[in-house]
Each structure stands twice: as structure tokens, then as C-alpha cells.
Amino acid sequence: MPLFGGYKANKLKPQLKMAVTRFTIASNKKSALMKQQIREIAKLLAEDPPKEEKARIKAEALIRDDDTVEAYELLQLSCELLSERLNLITHSKECPADILSTVATIIWASSVVDIPELIEVRKQFRYKFGAAFDERAMLNVDGIVNDRVASKLSFQPPSAYKVQTYLEKISDEHEVGWKPKVPLKAEDIAQPMPPPVGYSVPENAASGLNKKDYDAGDPAPSMPSTILPVPPKGTEGAYVPVLPAPAVAIPVPVPTIPKTSNKQDDVSVTKDDFVVEEPDIFVPPAPRSR
């Protein structure tokens with residue numbers, strides 16, 4: 001027995017009572033935060049396109065908080081039971097068999113949950129039942145710890161099926177009408193959620209210049225066609241000029257002369273009033289004969 005410590009029932013009972021209160025406060029706080037997380041997930045699924053990958057990550061955090069609250073309630077019941085059976089613990093040299101799993105679960109959970117009162121409770125049980133019993137509980141030898149508490153406080157991520165189930169329930173409750181873009185395969189149901197690959201992230205979202213918008217636009221205007229003359233026979237390989245398209249007659253508007261008091265005839269437009277643009281064509285000299 002240590003010099004400055006030892007098992008004291010008057011220390012154990014208040015710590016168990018305080019742990020019950022602490023579990024209640026922590027559970028209420030997490031429950032309030034979970035409601036906010038659910039609204040955020042529903043908002044992500046309602047966007048166009050839905051931010052499915054981000055919603056899955058938030059759903060995984062929601063599941064972990066949900067499991068933690070459930071474990072808190074189980075540990076709270078364990079603390080209340082041990083508080084009521086304190087006299088039995090005090091007058092027993094070894095841990096009674098009917099509360100063996102309960103005591104071991106409290107010892108194991110003291111290093112997992114953020115409840116400082118459980119650390120003092122663990123010390124009192126160590127003083128009472130010895131270091132070997134404390135070590136067995138911490139290592140969960142022979143499955144001495146409550147399976148449900150150990151499962152809910154596990155560090156393993158939830159399965160992909162459970163994550164998708166949460167998303168579907170949130171979608172139904174908030175009437176989002178979301179359907180998974182990538183359905184789960186049979187071999188992936190029991191596995192953790194795969195890491196995001198970015199299929200739910202739109203391209204060029206910051207600038208608003210989506211690639212799909214300008215890929216489906218009007219085609220570029222076609223260039224004017226040119227005339228490629230056929231080179232004379234025997235001059236293959238010589239320079240051949242590229243001739244432009246034929247000239248087009250462009251009508252020139254002629255102003256109308258208003259009628260005067262002398263009753264002059266109206267001016268009519270004739271073919272001479274049209275101007276024909278003659279393009280300059282360079283014609284190379286014919287090759288010299290050798």
C-alpha cells in the first residue's frame with residue numbers, strides 16, 4: 001500500500017457521483033452539436049451538384065459522436081451501479097464477480113474518454129484490487145471489458161454502409177431527394193469509407209468558367225476559301241501563287257437628288273454606278289527553258 005495513498009471509500013463515491021454529472025453534461029453538449037452537423041450535411045446534399053464526398057466525411061464524424069454519446073450513457077449507468085454497491089466493494093478483498101466487467105470497463109474507459117473523474121476512480125480501484133487487476137482491465141484480457149462500450153469507443157472508422165445509411169436518413173428527413181452518385185459494391189459494404197477522389201468537386205468553381213460551358217459553345221467561324229491554281233504541265237515544283245477568291249461587285253449607294261422647281265427628272269441608277277474591286281494578283285514569270 002502506498003505511503004500517501006490507498007483505497008478510501010469517501011473518495012471513491014463522490015468521484016462516481018461527479019462522473020455521472022459529467023457524463024450528462026458531455027452527452028447534452030454533443031447532442032446539440034450533432035443537430036447542427038445534421039443540418040450542415042443536409043445543406044451539402046441539397047447543393048447542385050451535391051457535395052457528396054464532403055457530406056460523407058461529416059457523416060463519419062457524426063457517427064463517431066453518436067457512438068460516443070451512446071458509450072457515455074452506458075458508462076453513466078456503470079458509475080451509478082458502482083456508487084450503489086460501494087459497501088460491497090469496500091468489504092471485498094477481490095472484485096465481486098457480478099460487477100467484475102463493470103469495474104474493468106470503468107478502468108479501461110478512463111484513458112479513452114475525456115472525463116477526469118474516471119482517473120481518480122481508476123486509482124481507487126487500483127489501490128483496492130491491485131496493479132495486476134488494473135493491467136488486465138487496461139489490456140482487456142479475456143474480453144473483460146463490456147463489448148458494446150469497447151465497440152462504441154473504438155478508433156476504427158465506421159463502415160461505408162453505415163455512412164451511406166446515415167446520409168439517406170438525413171436526406172429523407174430534410175426532403176432533399178439525394179441519391180448516391182457512386183453506389184456501393186458488395187465487397188465495399190463492410191469496409192471503411194474510401195478516401196475522396198474529387199468527383200463531387202466542380203471544375204473551375206472559383207472563377208465560374210466551367211469547362212463544359214465553353215466546350216459546347218458556337219463553333220469558330222470558317223476561314224474564306226482560296227483558289228489553288230493547277231500548275232502548267234512540266235512546271236511541277238515551281239512556285240505557284242495562291243489566288244484569292246473572285247472579286248465581287250459591291251453596289252455603291254447613290255444619293256437621291258431632290259426635285260426642284262424646274263421639275264427635273266429623277267436620277268436612275270445604271271450599271272455604270274457599280275464599282276468592281278480588282279484585286280492585285282502577282283503572276284510569276286514563266287520558267288526559262290534550258
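The values are calculated or read from the model by the stated rules, or taken from the named source; none is laboratory data. Just so you know, these numbers come straight off a predicted model, no measurement behind them. Quick reminder, even Gly has a Cβ in these numbers, built from the backbone with ideal geometry, and neighbours come from all protein chains shown. These area figures cover heavy atoms from the full protein model, side chains too; ligands, DNA and RNA do not enter into them. Shrake-Rupley method; radii C 1.70, N 1.55, O 1.52, S 1.80 Å.
Of all the numbered requirements in (1) under 25 Å from Lys8 (Cα atoms); (2) crowded, with 21+ Cβ neighbours inside 10 Å; (3) aliphatic (A, V, I, L, M), Ala71 misses one, and that requirement is (1). Scanning the stretch 96-119 for residues that are within 12 Å of Leu12 (Cα to Cα) and open to solvent by 50 Å² or more (accessible area, probe 1.4 Å) turns up just one, Ile119.
So in the stretch 168-202, with the set limited to residues that are hydrophobic (A, V, I, L, M, F, W, C), more than 20 Å from Pro49 (Cα to Cα) and exposed (fewer than 12 other Cβ atoms within 10 Å of the Cβ), which one is farthest from the chain's Cα centre (by Cα)?
Taking the stretch 168-202 as the starting set, the residues that turn out to be hydrophobic (A, V, I, L, M, F, W, C) are 170, 176, 178, 182, 184, 186, 189-190, 193, 197, 201.
Adding the requirement that they be more than 20 Å from Pro49 (Cα to Cα) leaves 186, 189-190, 193.
Add one more test, that the residue is exposed (fewer than 12 other Cβ atoms within 10 Å of the Cβ), and what stays is 186, 190.
Numbers: Ala186: 22, Ala190: 20 Å.
For the stretch 168-202, the residue satisfying everything is Ala186.
Criterion applied to Leu44, Leu16 was being open to solvent by less than 90 Å² (accessible area, probe 1.4 Å), at pLDDT below 95 and touching a helix residue (DSSP H, G or I) at 6+ places or on another chain (Cβ under 7 Å), and the one residue passing it is Leu44.
Let's see how each residue does on (1) farther than 15 Å from Ala19 by Cβ; (2) out of contact with any strand residue (DSSP E or B) (no Cβ under 8 Å at 6 or more places or on another chain); (3) of a type in the set (Gly, Ala, Ser):
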{"site": "Asp66", "(1), (2), (3)": "yes, yes, no"}
{"site": "Leu74", "(1), (2), (3)": "no, yes, no"}
{"site": "Leu81", "(1), (2), (3)": "no, yes, no"}
{"site": "Leu100", "(1), (2), (3)": "yes, yes, no"}
{"site": "Ala104", "(1), (2), (3)": "yes, yes, yes"}
{"site": "Ser110", "(1), (2), (3)": "no, yes, yes"}
{"site": "Val113", "(1), (2), (3)": "no, yes, no"}
{"site": "Gln124", "(1), (2), (3)": "no, yes, no"}
{"site": "Ala132", "(1), (2), (3)": "yes, yes, yes"}
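Candidates Asp142, Asp134, Asp114: the one that is outside any helix (DSSP H, G or I) and within 46 Å of the chain's Cα centre (by Cα) is Asp114.
Among residues of the stretch 78-92 that are in a loop (DSSP other than H, G, I, E, B), those with a Cβ under 9 angstrom from a residue that is acidic (Asp, Glu) and open to solvent by 20 Å² or more (accessible area, probe 1.4 Å), sequence gap 6+ or separate chain, pair up as Arg85/Asp98. Scanning the stretch 132-164 for residues that are among the aliphatic types (A, V, I, L, M) and either under 15 Å from Val113 (Cβ atoms) or open to solvent by 80 Å² or more (accessible area, probe 1.4 Å) (or both) gives Ala137, Met138, Leu139, Val145, Val149, Ala150, Leu153.
Just one of the listed residues (Leu33, Leu16, Leu44) is touching a Cys at 6+ places or on another chain (Cβ under 6 Å) and in a helix (DSSP H, G or I), namely Leu16. Within the stretch 21-71, the residues that satisfy the criterion of being closer than 22 Å to Glu175 by Cβ and among the basic types (Lys, Arg) are Lys35, Arg39, Lys43, Lys51, Lys54, Arg56, Lys58.
Show the residue pairs that are 6+ apart or on different chains and have beta-carbon atoms under 8 Å apart, the first residue being within the stretch 161-187 and of a type in the set (Gly, Ala, Ser), the second being buried (at least 16 other Cβ atoms within 10 Å of the Cβ) and in a helix (DSSP H, G or I). Filtered contacts from the stretch 161-187: Ser171/Ala42; Ser171/Leu45; Gly177/Ser171.
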